[in-house]
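Report on the following structure.
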Amino acid sequence: MMEKTVEDINPTKKRFTLEVPAEILEQRITDALKDIGRSVKLPGFRPGRAPLSLLEKRYGKEVETDVLQKAIPEYYLKAIREANVVPVMPPVFEGYDFKRKEPLKLTFTVEIRPEIENLDYQGLKVEDEPVEVTDEDIERTIERLQTEKSSYESIKDDIVRDDDLVVVDYEIVEEEQNVTGQFIKIGSDIIPQEISDALKGKKVDDPFEVRATFPDEYINKNLSGKTLTLKGSIREIRRLKKAELTDDFAKELGYDDMERLREAVREGIVKVKEELIENKQKVSIIEQLLQRHDFDLPEGLVSHELNMLVHEQKRLKPDADEEKLREELKEKARKNVKT
C-alpha cells in the first residue's frame, strides 16, 4: 500500500510526498529479470535456466531503470486520483530517493485551479442583441458556395483578363534561371503588379518581357528585394467558370431547390450570429465577475501563458525586446488565465 501526504503550499499549489513499498518494486524487478531469463542465451546455461543472481548482475541496473520509469508516472497518477486533484500543468518533481530493497520516496508539486466560492451574480448586466439576417448576408454566402463549386476552364481564343489563371514559362535573366509551368493569378497581391500588367491582353503562345521589383517580404526569399527581368511566353490561360445557380446546383448541396437552399443558408447565418452574441454575453459576464472577485492564480499557468504571448509577438516582430514584451504582456497573461 502506497503511503501519501499532501501539503497545501498555497491555494493553487500542493506538494505530494509518496512512499512506494520496497516489496512492490522488488517483485517487479524480479519478474522482469525472469522474463529476460526465459529468452536470453548465457554461456553455460540453456534458455530459462540461468540463475537469478547472474541475471541480476548482467541486467539489474537496466531493469531497475525500466521499472522506475514505469512506476513513477503510475504512482503519480494514482496519488492525484486518490486526492481528487486535477492539475492544470505537468508536475514538478523535486526529487526521488530509491535504493534497492527500500521504499521509493517521491516528492512533487502540482498546480490546481483555485476554488472560487460565493460568486455574486446579482445585478450583472447582459446586453441582448436582436439577430438580423439581410438579403446581402444570404447572397454573400450563396456566392461563396458558388465559387466553391466553380472550376477553371482552359481558354484558347481570348486574351488574358483580370482574375485569370495563367501558366507561363520564363527565364529570370539576371539569375540565369529557367522556370516552367508556373501558375500566376492575374491581379493577385502575391506577385508584383508589373507582372500582371505585362500579361494582361496577351494570348496563348504570346511572348512577354517584364522588369519587376519583388518586395522584401516576397514568399520566394531568393527573389525578395530584387528587381529582375522575366522573359518568356504564355503556355495556357484558365478562366473561372462559375457554377449556375439553378435547382440542380441546390440539389448538389443536398437541397430540393434554390428556395430551400436559401432557407437553409438563412437558418445557418441565424445560428452563427446567435452563437456570436451568446459568446459576447459570456465574455461580458466573466469580465464583470472578474471585477467583483479576486483570487490566486497558478503561477506556472500564468508563466506558460506569458511565454505563449511573448512567442507570438516575437513571431510577428522578431526584433522586439523580449524583456519589454514580458513586462507589457504580464497583465494580459494573468487576465487570460483568470478568464
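Bear in mind these aren't lab numbers, they're just calculated from the coordinates by the rules spelled out. The structure presented is a predicted model; accordingly, all values stated were derived computationally and were not measured. All Cβ positions, even for glycine, are placed from backbone atoms using ideal geometry, and neighbour counts span all protein chains on display.
Some observations on this one:
- Restricting region 178-239 to GluC sites (Glu not before Pro) in coil, as DSSP defines it, with at most 11 other Cβ within 10 Å: GLU217
- Rounded to 0.05, the FRET efficiency of the GLU3 and VAL92 pair, given R0 = 22 Å and the Cβ-Cβ distance, is 0.60.
- Stretchable slack from GLU174 to MET258, in nm (0.36 nm times residue separation minus alpha-carbon distance): 24.8 nm
- Those residues of region 269-310 whose amide nitrogen sits under 13 Å from the label point placed on LEU124, 7 Å along Cα→Cβ: 279-293
- Spin-label pair ASP206/GLU322, simplified geometry with 7 Å Cα→Cβ offset, distance in nm: 5.4 nm
- Using alpha-carbon coordinates, inclination of helix 299-316 to the longest axis of the chain, degrees: 30 degrees
- The GLU236 and VAL131 beta-carbon pair, evaluated with R₀ = 56 Å, returns a calculated FRET efficiency of approximately 0.75.
- Between the helical axis of 22-39 and the longest alpha-carbon principal axis of the chain there is an angle of about 70 degrees.
- For ILE277 and LYS251, the FRET efficiency from 1/(1 + (r/R0)^6), where r spans their Cβ atoms and R0 equals 30 Å, is about 0.35.
- Unit charges at the beta carbon, dipole of the chain: most positive-side option, SER303, ASN336, ILE285: SER303
- Nearby lysines by direct alpha-carbon distance to LYS226 (threshold 22 angstrom, same-chain neighbours under 8 apart not counted): LYS185
- Given their separation in residues at 0.36 nm each and the Cα-Cα distance between them, SER151 and LYS101 gain 10.7 nm when the chain is fully extended.
- Listed residues VAL88, GLY48, VAL63: farthest to the positive end of the dipole of the chain (Cβ charges): GLY48
- Unit Cα scatterers, Debye sum, region 247-338: log10 I(q)/I(0) for q = 0.14, 0.21 Å⁻¹: -0.72, -1.02
- For the chain, the longest principal axis of the alpha carbon atoms and the long axis of helix 52-82 meet at an angle near 70°.
- Projecting the Cα atoms of LEU223, ALA79, ILE112 onto the charge dipole of the chain, computed from C-beta unit charges around the Cα centre, puts ALA79 farthest toward the positive end.
- Spacing of the modelled spin labels on ASN222 and LYS330, each 7 Å from Cα toward Cβ, amounts to 4.8 nm.
- For ASP164, residues with placed amide H under 5 Å, excluding near neighbours: ILE186
- Label corresponding to volume of the Cα convex hull per residue in Å³ when calculated from the structure given, among (1) 133; (2) 342; (3) 178: (2)
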